[in-house]
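Inspection log for the structure reproduced underneath, given as structure tokens.
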Amino acid sequence: MNTEKVVNELRDALNLSKSSTKLIPMDETEITISKQNILAAVRIILKSDIWHLSTITCQQEEDDFILLYHFWESGGLTLRIELGENTPQIQSICELIPGAEYYEREAREMFGVEFHGMPNPAPLLLPDGWQGGYPMRKDGGPNHNEMKTEAFPKKGGSS
């Protein structure tokens with residue numbers, strides 16, 4: 001993979017400045033894009049023969065949420081998207097990369113990020129009936145202080 005070529009294609013197609021790109025040690029490049037450009041950026045990456053989406057991670061800084069789409073093919077290319085809102089939402093990339101579904105479901109469940117067009121929004125990690133908010137949010141999200149534990153099976157048999 002020629003990361004520089006792909007980064008230049010992304011910059012040109014999405015009208016990005018050079019300051020949107022950050023080189024990271026260990027052969028990794030991070031490029032910041034707007035959430036409106038996620039599908040266009042992924043299409044460009046896929047056309048450039050970068051075929052492996054390693055993961056999608058979510059981070060919370062203050063009240064802002066940051067999604068990182070980590071691609072890899074002989075070097076890393078990460079798309080950084082700052083959602084910057086109390087109700088984070090973005091278009092799902094599952095129509096382009098069906099395997100992204102599990103990463104999107106995890107970010108939805110743990111942080112409350114809504115992925116429009118996600119084919120299967122069913123819970124992935126938390127127990128059925130979970131009502132304790134979003135576990136990875138700094139404030140816990142809605143219902144955090146009203147955590148219900150009846151969804152967890154009791155250990156050691158009946159009580």
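Collect residues whose amide H, placed 1.01 Å from N in the peptide plane, falls under 5 Å from the amide H of Ser54; neighbours closer than 5 in sequence don't count.
Counting only residues 5 or more places away or on other chains, the set is His70, Phe71, Trp72.
For the stretch 3-146, take N as its residue count and report Rg(C-alpha) divided by 2.2 N^0.38 Å.
Taking N as the residue count of the stretch 3-146, the ratio is 1.08.
To the nearest 20 debye, what is the magnitude of the charge dipole of the stretch 23-88 about its Cα centre, counting +1 on the Cβ of each Lys and Arg and -1 on the Cβ of each Asp and Glu?
So the dipole magnitude of the stretch 23-88 works out to roughly 400 debye.
I'd like to know which of Leu79, Asn15, Phe65 lies farthest towards the positive end of the charge dipole of the stretch 1-115, counting +1 on Cβ of Lys and Arg and -1 on Cβ of Asp and Glu.
Asn15
Each reported figure results from applying straightforward, stated rules to the coordinates on display, with no laboratory input. No experiment lies behind these values; they were computed from the predicted model shown. Note: ideal-geometry Cβ built from the backbone for every residue, glycine included; neighbour counts use all protein chains shown.
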